[in-house]
């Protein structure tokens, strides 16, 4: 783990833990409920990558923007999105954050700077760059952080967006979560060179242990300070691992095929690699929190998850008429 | 009323709307110099924070237009030629057209995209398409295709004051055409067709670059005793169905003239509206004059062979109108 930071008090540390745990427990619940057919559509889970999103979002403000990916629940919650509204969205209810019109792959809360999860791999590059361009024109010190994976880094818009951000010194932070897989394909088999070398042509870069929340936080803080003060874009790569499949219950259509070993997955779940177990050990080891503190966080998270499930299940079905009225403002589709 | 060229009218609209609203910005390829003339002079007046050349990266430019709206801007993106809409299509089709619904209406999308379109200049296959059928099929995008100077100005001003994503497709071959433009703050609403010429024997529904040859055809037909009514749709999304059906009820015959390919083009859609909602009025089959399912060839003689023109339109009209002057 990174060094304990003197500027943190216990509450700050426990807030990081709570947010990571909220992502983990809420997605474990989604994984189980998905198999029971409790909600429509697919979910792509973030389990195993929690330190990356939570560490990164812990050092930006409400007014700053993020763009997310198809694996977007973690980013939504890390940036302060409400779990129960996200669940209601996944359940297709009108209480959903997008009134049931977007679903899991499109959770967004523009009031909190969450410009949306995105079903197009790499879809966030240009959107984040455009937002950063807007901030640059306004001179208001806001930053735009683009979460993407190693799979998305093979899209051409990655280079294009880095080029614009560099040419105009925009406050864009390219946050690459390198989990080693591009959907169902091992990224190394389809990727030439190192991703970081692509970014080095345009901006300062750093690779950090993406399962160490404090290391991610420190690296992103530096990038945010650079962006806010006119220093232009940065590339931060977090090395991490996707524990779940590309999407839940993928075995059903893989026809028995596999693309990685059970041993590999298991290795990333061990106490020395799992981002939450590592952080809990750090907190107790440093005397920042004790077992009772951790248990209290766990309990509070479990309660919030159960309340959110109840909220989503009790919600009203989405209004089909919205499909016609929401395409345009003040204009029927 | 002042006389302005089509492209000057667009330039006037940009000047006026940028003066009116400091949140209007213009970005795109070569907008500072303006190869078509539509953005000329804006840089000197408004400077690099209001108008800026982008790199040549359409797939990113379109997404950036969406992103910049998050900072409160109305983005006018110039994509130069309509063929480049295809290059930047992902963010248009998957992001801009869908973002408002996907987010449950959390946001508006004040984006105006300008592109020149159409053949007639030997610009060959990759610089002569119209692209509007692809845009019409997306659902969340308004598409304006002005045929004259006044509409070019008025439709663009409406687009820039709208919170909905809109395309203004400039009829490239019409850029130098002169026309009267009303004084003052001239706005033309979307979804309201104009009757470009009144007639009682046949309706020609058309838009943009095809209005001029349709009027030329109508004039020639008039000398033969056939009076064609020419409907200029002005916008294809939203589309003025009422105007199409009212004219069809009057004439009973319909020819659709459109500068897009035949298969799943705009003409087929308009013909379907007539078949579905105007069937009782029809005295003859609906005819379409458009581009065959080919790429636009380079050589002038070959290009002319595939593009609609006044003669082809007149032939189509004669084919469904039995009343011919003796």
Exercise. Output the antiparallel fraction of DSSP beta bridges having both residues in chain B, as a percent to the nearest 5.
Key: 20 percent
Practice problem: Before anything else, pin down the relative contact order of chain A: Cα pairs under 8 Å, at least 6 apart, normalised by residue count, whole percent. | Solution: 23 percent
Quiz item: Is the range A:175-333 best put as rounded, prolate or oblate by its Cα gyration tensor, with a ≥ b ≥ c the root eigenvalues, rounded for a/c under 1.5, and otherwise prolate when a/b is larger than b/c, oblate when not?
Solution: rounded
Quiz item: Over what distance in Å are the Cα centres of the range B:302-321 and the range A:105-129 separated?
Solution: 47 Å
Quiz item: Which ordering of A:1, B:61 is given by a fewest-first count of other beta-carbon atoms within 10 Å?
Solution: A:1, B:61
Quiz prompt | Bridge type composition, chain A - antiparallel percent by DSSP, nearest 5 | solution = 20 percent
Quiz item: Can you give me the pair-distance distribution of the range B:194-320, C-alpha pairs, 10 Å bins, whole percents?
Solution: 14, 49, 31, 6, 0
Quiz item: If we sort B:68-77, B:104-113 on the protection proxy, mean other Cβ atoms within 10 Å, highest first, what's the order?
Solution: B:68-77, B:104-113
Self-check item: Approximate spin-label separation residue A:42-residue B:298, in nm, with each point projected 7 Å along Cα-to-Cβ
Solution: 4.3 nm
Quiz prompt | Peptide B:236-242, shielding by other chains (average Cβ, 10 Å cutoff) | solution = 1
Quiz item: With no solvent and one point per C-alpha, what does the Debye sum give as log10 I(q)/I(0) for the range B:3-180 at q = 0.16 Å⁻¹?
Solution: -0.90
Exercise. Could you tell me, in Å, what Rg and Dmax come out for the Cα atoms of chain B?
Key: 19.5, 66
Quiz item: On average, how many beta carbons from a partner chain sit within 10 Å of the beta carbon of a residue in A:115-122?
Solution: 4
Quiz item: What's the average, rounded to a whole number, of partner chain beta-carbon atoms within 10 Å of each residue's beta-carbon in A:95-107?
Solution: 3
Quiz item: What percent do you get for the relative contact order of the range B:196-321 when only Cα pairs under 8 Å and 6+ apart count?
Solution: 29 percent
Quiz item: Cα gyration tensor of the range A:143-228, axes a ≥ b ≥ c as square roots of the eigenvalues: rounded (a/c below 1.5), prolate (a/b > b/c) or oblate?
Solution: oblate
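Give me A:276, A:207 sorted ascending by neighbouring Cβ count inside 10 Å, so fewest comes first.
In increasing order of surrounding Cβ atoms, one gets A:207, A:276.
Summarise the long-distance tail of P(r) for the range B:109-247 by giving the % of C-alpha pairs beyond 24 Å.
Within the range B:109-247, distances greater than 24 Å cover 31 percent of Cα pairs.
Considering all alpha-carbon pairs of the protein assembly as shown, what whole percent are spaced by more than 45 angstrom?
Summing the P(r) of the protein assembly as shown above 45 Å gives 29 percent of all pairs.
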Self-check item: Value of relative contact order over chain B, rounded to a whole percent, pairs C-alpha under 8 Å and six or more apart
Solution: 16 percent
Practice problem: Please work out the Cα center distance from the range B:21-97 to the range B:220-269, rounded to the nearest Å. | Solution: 32 Å
Quiz prompt | Percent antiparallel among DSSP beta bridges (both partners in the range B:194-320, rounded to 5) | solution = 20 percent
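Would you mind getting the Kirkwood hydrodynamic radius of chain A from its Cα pairs, rounded to one decimal in Å?
20.3 Å
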Exercise. Could you check how many percent of all C-alpha pairs in the range A:102-170 are farther apart than 17 Å?
Key: 44 percent
Quiz item: Of the listed peptides B:124-136, B:298-310, what is their order by residue-averaged count of other C-beta atoms within 10 Å, with the highest listed first?
Solution: B:124-136, B:298-310
Quiz item: Given the C-alpha centroids of the range A:54-76 and the range A:257-333, what is the distance between them in whole angstrom?
Solution: 14 Å
Quiz item: Which of B:153, B:212 comes first, and how do the rest follow, when ranked by fewest Cβ neighbours within 10 Å?
Solution: B:212, B:153
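No value in this document is a laboratory result; all are computed from the given coordinates. In this text the structure is predicted, and so the values were computed from the model without any measurement. Positions of Cβ are generated from backbone atoms using ideal geometry, with glycine treated the same way; all protein chains shown enter the neighbour counts.
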